[in-house]
Protein chains: 2
Amino acid sequence: MSVARDTIDVRQNILAAAQQIMAAKGFSAVGLNEILVSAGVPKGSFYHYFGSKEAFGEALLAGYFEDYLTALDSTLAEPGLSHAVRLMNYWQRWQDSQGSLDCQGKCLAIKLAAEVSDLSEAMRLALKSGTTGIIERLARAIEAGVAEGSVVIEDKPYATAEMLYYLWMGASLMAKIRRTPAPFETASATTRRILSLPAH
Amino acid sequence: MSVARDTIDVRQNILAAAQQIMAAKGFSAVGLNEILVSAGVPKGSFYHYFGSKEAFGEALLAGYFEDYLTALDSTLAEPGLSHAVRLMNYWQRWQDSQGSLDCQGKCLAIKLAAEVSDLSEAMRLALKSGTTGIIERLARAIEAGVAEGSVVIEDKPYATAEMLYYLWMGASLMAKIRRTPAPFETASATTRRILSLPAH
DNA sequence: AACACAATTAGACCAGTCGTCTAGAGAGGG
DNA sequence: CCCTCTCTAGACGACTGGTCTAATTGTGTT
């Protein structure tokens, strides 16, 4: 209705369309045209909403991580479960979303990280703050799990969280290369061992 | 001298130039022009040596892994060292090459994997066979380390090799995002623990 | 109803893309 | 000495890229 509302919708539509397309094809390989056609927004409008393709990419990543972190927060706060179970739920969902049949798992971070972090400082920083947020939350959950006794670790919680996140990033990359969810099995088993949880 | 020799040189020059440029900027973001100018080769020659940009990318990856694997073989066969030390040497060199001052560590696999594996089946397969080769060699070295007693692991050698490779891929990605070699420290410490080696 | 002013769009713009194609340069064999 | 065949040369075509200016549309106030 109001102008402001429509404006936000259009902006959001562009971002949503881009998220799908860029999660499949990357950043440089996708032209604004394709995104705008898919969003039903005329080309001329783009620079009304975003200053440049780079600024657009930054906004895309920022929005992506915002949603991602709130979902992560709720996964790690689900009532009635131990922190150990909550953590494994998180990784189970990661696996489900990345390994889905539509080969384009929707993790923008994995898809764009290598390509974009040498290309645009702004996008790199968006990636950095988003991934740091993820690791921090995982570290807190691990710490809480240790405190309640559902998780036992050898290293410090933060280092453990970092290590597990790297492991799952690498597994995602490898799943893309191999077109198989097998790497997630390996990552999952390792995660259980690192957290001293019983095998699946 | 001979025609054949020169031909190989030109081809190799193009590939060498591309390896540097693409390790920095990715695949789609780089035009053939830039590569050819940098290699001092006219455009007309390109299509004499390669059928398309995609076929070129495939050859680039194949050549990259060929070199990579022979270097890996010699690292893992250095005389007078235990397998445990050889393995840690490999990762130390990984760290050195990736974390170097010229921010463009030269690992094509990390740089191109996510971008390219959804873009070209041929390139994806090159990536797949190359990374599989790396993991196989690591697995053999771990197995030999277990046999000689310098390495102790909980899981099977192959699964351990996979897991460690994922960990280091993820750490490399994160090092790119953060522009810090810190992730390698975490990966290194974890690797030591997984292999039951004394802390550094 | 008419105006001012902001929000939005159409389309031009040029640099750059990949790939093609026609000439010709250069070397080896006979 | 010529003929042939590999390789070089770079202009060219058809097209897409991101960006920007100029015009259009819409809104709210008088």
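Read-outs throughout are calculated quantities, based only on the coordinates presented, and are distinct from any laboratory measurement. All values reported here derive from a predicted model rather than from experimental measurement. Cβ placement follows ideal geometry from the backbone for every residue including glycine, while neighbour counts extend to all protein chains displayed.
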- Task: Mind listing whichever residues of region B:105-120 are in a helix (DSSP H, G or I) and either under 11 Å from the mean Cα position of the chain (by Cα) or among the charged types (D, E, K, R) (or both)?
- Result: B:LEU108, B:ALA109, B:ILE110, B:LYS111, B:LEU112, B:ALA113, B:GLU115
- Message: Any residue at all in region A:72-88 that's surrounded by fewer than 18 Cβ atoms within 10 Å (Cβ to Cβ), part of a helix (DSSP H, G or I), within 14 Å of chain B (Cβ to nearest Cβ) and without any contact (Cβ under 8 Å) to a residue 24 or more places away in the chain?
- Response: no
- Is region A:11-26 home to any residue that is free of Cβ contacts under 8 Å to residues at least 40 places away in the same chain, farther than 24 Å from B:ALA113 by Cβ and within 8 Å of DNA strand D (Cβ to nearest atom)? no
- Query: With respect to A:GLY99, is the statement that it is closer than 20 Å to B:ASP118 by Cβ, more than 16 Å from DNA strand D (Cβ to nearest atom) and not acidic (Asp, Glu) true?
  - Reply: yes
- Note on the structure: By residue number, the members of region B:175-192 that are in contact with a helix residue (DSSP H, G or I) (Cβ under 7 Å, 6 or more places away or on another chain) and part of a helix (DSSP H, G or I) are B:ALA175, B:LYS176, B:ILE177, B:ARG178, B:PRO183, B:PHE184, B:THR186, B:ALA187, B:SER188, B:THR190, B:THR191
- Message: Given the criteria in contact (Cβ under 8 Å) with a residue 60 or more places away in the chain and either more than 24 Å from B:ILE177 (Cβ to Cβ) or within 16 Å of DNA strand C (Cβ to nearest atom) (or both), does B:LEU108 qualify?
- Response: no
- Message: Within region A:52-64, does at least one residue satisfy the condition of being farther than 21 Å from A:GLU121 by Cα, in a helix (DSSP H, G or I) and of a type outside the set (Val, Ile, Thr)?
- Response: no
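Report, by residue number, each residue of region A:112-157 that is charged (D, E, K, R) and either within 13 Å of chain B (Cβ to nearest Cβ) or over 13 Å from A:LEU87 (Cβ atoms) (or both).
A:GLU115, A:ASP118, A:GLU121, A:ARG124, A:LYS128, A:GLU136, A:GLU154, A:ASP155, A:LYS156
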- Residue list for region B:173-183, filter: out of contact with any Ser or Thr (no Cβ under 6 Å at 6 or more places or on another chain), farther than 12 Å from A:TYR165 by Cα and within 10 Å of chain A (Cβ to nearest Cβ): B:ALA175, B:ARG178, B:ARG179, B:THR180, B:ALA182
- Item | Evaluation of A:PRO198 against (1) free of Cβ contacts under 8 Å to residues at least 12 places away in the same chain; (2) at the interface with chain B (Cβ under 10 Å from one of its Cβ atoms); (3) surrounded by fewer than 19 Cβ atoms within 10 Å (Cβ to Cβ) (one fails), failing number | (2)
- Message: With touching a helix residue (DSSP H, G or I) at 6+ places or on another chain (Cβ under 6 Å) and within 12 Å of DNA strand D (Cβ to nearest atom) as the only criterion, which of A:VAL37, A:VAL30 stands out?
- Response: A:VAL30
- Count of residues meeting criterion [in contact with a His (Cβ under 9 Å, 6 or more places away or on another chain) and among the aliphatic types (A, V, I, L, M)] in region A:159-200: 1
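Going by what's in this entry, would B:LYS106 be described as of a type in the set (D, E, K, R), within 14 Å of DNA strand D (Cβ to nearest atom) and within 14 Å of another protein chain (Cβ to nearest Cβ)?
Criteria not met by B:LYS106.
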- Message: So, B:PHE56, is that one under 30 Å from B:ALA141 (Cα atoms) and surrounded by 18 or more Cβ atoms within 10 Å (Cβ to Cβ) or not?
- Response: no
- Pairs, please: C-beta under 8 Å, at least 6 apart or cross-chain, first residue at negative phi and aliphatic (A, V, I, L, M) and in region B:32-53, second assigned to a loop (DSSP other than H, G, I, E, B) and near DNA strand D (Cβ under 7 Å from one of its atoms)? B:LEU36/B:PRO42
- Evaluate region B:143-155: report whether one residue or more is part of a helix (DSSP H, G or I) and crowded, with 21+ Cβ neighbours inside 10 Å. yes
